[in-house]
Amino acid sequence: MKRTRHINLDRMRKAAGSRFILRPLALGVAAALVGCAPREEVKVVSSVDDCVDSTRMDEQQCEAAYKKALAEAERTGPKYRSEHLCESEFGNCRETGGGMWMPLMTGFMVASMLDDRDRHYGYYNPVYRYSKPHSNYYNRLMTADGDVIGRYGKTSYTVDRSSTRPKPTVSRTVSRGGFGSVASAKSSWGGGRSGGWGG
Amino acid sequence: MLRIPIGERPGWQARAREFGFGFHTMYGEPYWDESAYYQFSLEQVERDIEDPTGEIHQMCLEVVARVVADDELMRRFRIPESHWDFVRTSWENGDPSLYSRLDFAYSGKGPAKLYENNADTPTSLYETGFWQWLWLQDNVDRRALPLQADQFNSLQEKLVNRFRDLQFLTPGRVLHFACCKDTEEDRGTVQYLEDCAREAELDCQFVYIEDIGRDAEGRFTDLDDRVITWMFKLYPWEFMFREAYGEYLGRNNIRWLEPPWKAILSNKALLPMLWKLFPDHPNLLPAFFEDELDRAGAFEALVKKPIFSREGANISIVRGGDIQSLSDGPYGEEGFVYQALHALPQFGRNHTLIGSWLVDDEAAGMSLREDDSMITQDLSRYLPHAIV
């Protein structure tokens with residue numbers, strides 16, 4: 001056979017109107033994108049003691065995990081230009097070195113499967129408690145990129161595997177629009193093209 | 001190779017909606033046309049398209065190796081000197097590639113002749129990898145095509161597998177996809193690649209090219225201020241080199257798809273270089289740089305192509321001193337190359353071009369475009385094919 005053997009058509013379907021989802025919040029709460037992504041169970045712990053009590057890790061390992069989660073929070077946490085904006089979504093916030101505001105980490109994820117001990121990343125993602133009143137996400141725990149993992153207060157959650165992977169660094173953008181000018185100049189030539197810079 | 005009329009699938013427009021294929025009709029003209037299909041034999045596909053595709057790709061890589069090693073050639077390929085290190089480093093590091101498309105003139109007999117290599121930003125990917133695959137499946141299901149009908153099209157399978165490999169080679173990074181605003185076709189192509197990447201369990205984000213920002217350290221950011229560390233861009237390298245953020249390329253830690261060395265392959269200067277390195281290869285057309293035209297005297301007619309161009313723009317035919325422009329466009333300021341005229345085969349009134357796809361270095365499928373004129377452009381119709 002010279003063609004693709006099988007395509008899961010359900011995964012190729014695009015529901016009307018949902019093709020390009022705009023993220024609803026500054027933080028970017030992701031809608032549940034794919035129904036059948038691989039999932040795994042994680043513990044969410046709020047402190048080193050909690051970590052020792054509810055996981056198989058010992059105190060030294062938990063201490064190291066906690067420090068790693070704090071460093072991840074510093075690097076990847078949602079950042080706001082004002083204290084007010086941050087507090088309106090997450091309640092408790094602190095100022096970062098770069099003059100931005102970010103929420104305090106509520107806890108961090110620890111993979112609950114023993115075989116995940118071998119993995120050198122994805123272990124200690126920080127999570128935050130969303131607390132904007134009247135929001136659909138009120139009292140939900142989410143990762144730095146806005147993936148909701150569940151209602152606050154449980155000890156273990158089943159999450160998409162992507163939630164356990166490291167999140168991108170969040171920085172302060174100082175300018176935008178440095179790419180795209182050549183395409184824009186060429187399209188103003190106006191030769192009836194459909195747009196698009198592929199070929 | 002035959003052009004065979006076939007009934008359209010009843011209600012295929014609704015099916016297109018169901019699967020998010022929005023650009024099957026552009027400016028009131030059909031772009032996707034399933035009133036006919038092209039029929040190939042397995043031998044035609046394997047001997048005349050698949051095998052030469054893999055071979056030409058290897059020849060193209062040989063050209064890249066020569067060009068990066070030679071300042072004079074880097075100049076001929078119009079790579080800005082400030083980006084030589086960027087391009088060279090990506091080649092020396094073996095930065096992995098994702099996909100490309102070779103365009104061939106082929107009539108069913110004799111060797112396919114290479115027109116050009118779309119190695120940086122090829123489109124019509126969704127139509128090929130998914131939509132024409134579905135067309136075949138539907139037509140076999142309704143017995144409009146025989147049960148054993150096949151298609152040269154393992155594109156989607158190979159893309160998903162390639163993304164898995166790329167994730168392994170690029171661990172721990174989120175892949176940002178980007179294209180320009182206001183182009184439904186490009187957005188559709190990128191959406192399809194995102195679908196394939198998600199199928200391979202990659203973490204994906206999307207940002208428009210125009211929305212890319214930078215932080216104080218020169219790292220690129222998306223609209224949520226996340227630092228971009230791995231990016232697929234459906235946007236030509238030769239544009240990026242010349243734009244405001246071009247100066248940060250190579251100074252920030254980003255893995256690129258396609259990798260920067262593809263700037264050498266998606267460049268029409270590739271054509272005379274191939275002819276120099278592999279003269280008289282059956283799948284190549286004689287091609288020359290502007291300052292080598294004295295060696296092109298034996299050819300009655302030459303096609304003049306801009307070194308940088310997209311979708312058949314700014315093409316003309318030169319016969320002796322006579323120049324006939326076949327298409328306008330905004331390209332040409334970086335100079336031209338000349339290729340011996342070899343017209344597309346005609347099926348009825350249709351001039352037909354074959355796109356032969358590669359995922360990394362493996363031939364992966366075929367697409368056909370038809371036009372009423374000799375030049376295939378962005379509005380040329382897309383027709384499916386079948387191996388029977």
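Computed values, structure above
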| read-out | value |
| --- | --- |
| Semi-axis lengths, Å, the range B:168-325, gyration tensor of Cα atoms, sqrt of 5 times eigenvalues | 38, 17, 16 |
| The protein assembly as shown: projected area of the alpha-carbon convex hull, averaged over directions, in nm² | 28.2 nm² |
| Normalised contact order of the range B:286-340, rounded percent, pairs of Cα under 8 Å and 6 or more residues apart | 44 percent |
| Alpha carbon convex hull of the range B:1-137, projected area averaged over orientations, nm² | 11.5 nm² |
| Which of A:Asn92, A:Ser54, A:Ser131, positive extreme of dipole for the range A:36-164 (C-beta unit charges) | A:Ser131 |
| Residue among B:Asp211, B:Asp71, B:Asp291 with the largest mean-square fluctuation in a Gaussian network model of chain B, springs linking Cα atoms under 10 Å | B:Asp291 |
| Largest-first ellipsoid semi-axes for the range B:290-388, taking √(5λ) over the Cα gyration tensor eigenvalues, angstrom | 27, 16, 14 |
| Cα→Cβ-extended label distance, 7 Å offset, between A:Arg56 and A:Glu83, nm | 4.5 nm |
| DSSP beta bridges in the protein assembly as shown [antiparallel fraction, %, rounded to 5] | 85 percent |
| Shielding by partners - mean other protein chain Cβ count within 10 Å, residues of B:74-81 | 0 |
| Rounded if a/c under 1.5, otherwise prolate or oblate - the range B:3-48, Cα gyration tensor axes | prolate |
| Whole-angstrom gap from the range B:107-143 to the range B:188-206, using each part's C-alpha centre | 20 Å |
| Shape of the range B:258-322, Cα gyration tensor, a/c cut at 1.5 | oblate |
| Nearest-0.05 FRET efficiency for B:Asp294 and B:Ile323, computed from C-beta distance (R0 25 Å) | 0.90 |
| Cα shape, chain B, gyration tensor, a/c 1.5 rule | oblate |
| Efficiency of FRET from Cβ geometry, B:Ala200 and B:Tyr27, R₀ 41 Å, rounded to 0.05 | 0.70 |
| Distance (nanometres) between label positions extended 7 Å along Cα→Cβ at B:Asp372 and A:Arg172 | 5.9 nm |
| Sites matching GluC sites (Glu not before Pro) across the range B:263-355 that sit in DSSP coil, with at most 16 neighbouring C-beta atoms within 10 Å | B:Glu300, B:Glu333, B:Glu334 |
| R0 of 41 Å, Cβ-Cβ distance B:Ala14-B:His342: FRET efficiency to nearest 0.05 | 0.50 |
| Convex hull volume per residue for the range A:36-164, taking Cα atoms only, in Å³ | 105 Å³ |
| Among beta bridges that DSSP assigns inside chain B, antiparallel share in %, nearest 5 | 80 percent |
| Candidate lysines for bridging to B:Lys109, where Cα separation is under 24 Å - those fewer than 8 sequence places away on the same chain excluded | A:Lys2 |
| Estimated D of the range B:47-96 in µm² per second, where Rh is the Kirkwood radius over Cα pairs and Stokes-Einstein applies at 37 °C, 0.692 mPa s | 273 µm²/s |
| Lys, Arg +1 and Asp, Glu -1 on Cβ, resulting dipole of chain B about Cα centre, debye, nearest 20 | 480 debye |
| Shielding score for A:155-162, defined as the mean number of other chain Cβ atoms within 10 Å | 1 |
| Loop-located chymotrypsin sites (Phe, Trp or Tyr not before Pro) in the range B:1-52 whose Cβ has at most 16 other Cβ within 10 Å (DSSP) | B:Phe19, B:Tyr27 |
| Sparsely packed GluC sites (Glu not before Pro) within the range B:139-248, loop by DSSP, other Cβ within 10 Å at most 15 | B:Glu217 |
| Percent antiparallel among DSSP beta bridges (both partners in the range B:152-282, rounded to 5) | 25 percent |
| Square roots of five times the Cα gyration tensor eigenvalues for the range B:161-211, Å | 22, 12, 7 |
| Charge dipole magnitude, Cβ of K and R +1, D and E -1 - the protein assembly as shown, Cα centre, debye nearest 20 | 1180 debye |
| Rounded to the nearest 20 debye, dipole of the range A:36-164 from Cβ charges on Lys, Arg, Asp, Glu | 360 debye |
| Order of B:Ser41, A:Ser131, A:Ser163 - criterion: other Cβ atoms within 10 Å of each residue's Cβ, fewest first | B:Ser41, A:Ser131, A:Ser163 |
| Hull volume in cubic angstrom per residue (convex hull over the Cα atoms of the range B:286-340) | 75 Å³ |
| Whole-Å distance, taken between Cα centres, linking the range B:33-73 and the range A:63-94 | 51 Å |
| Cα Rg, Dmax (largest Cα-Cα span) when computed across the range B:189-265, Å | 12.7, 35 |
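No value in this document is a laboratory result; all are computed from the given coordinates. These numbers come from a predicted model, not from an experiment. All Cβ positions, glycine included, derive from the backbone under ideal geometry; neighbour counts span all protein chains shown.
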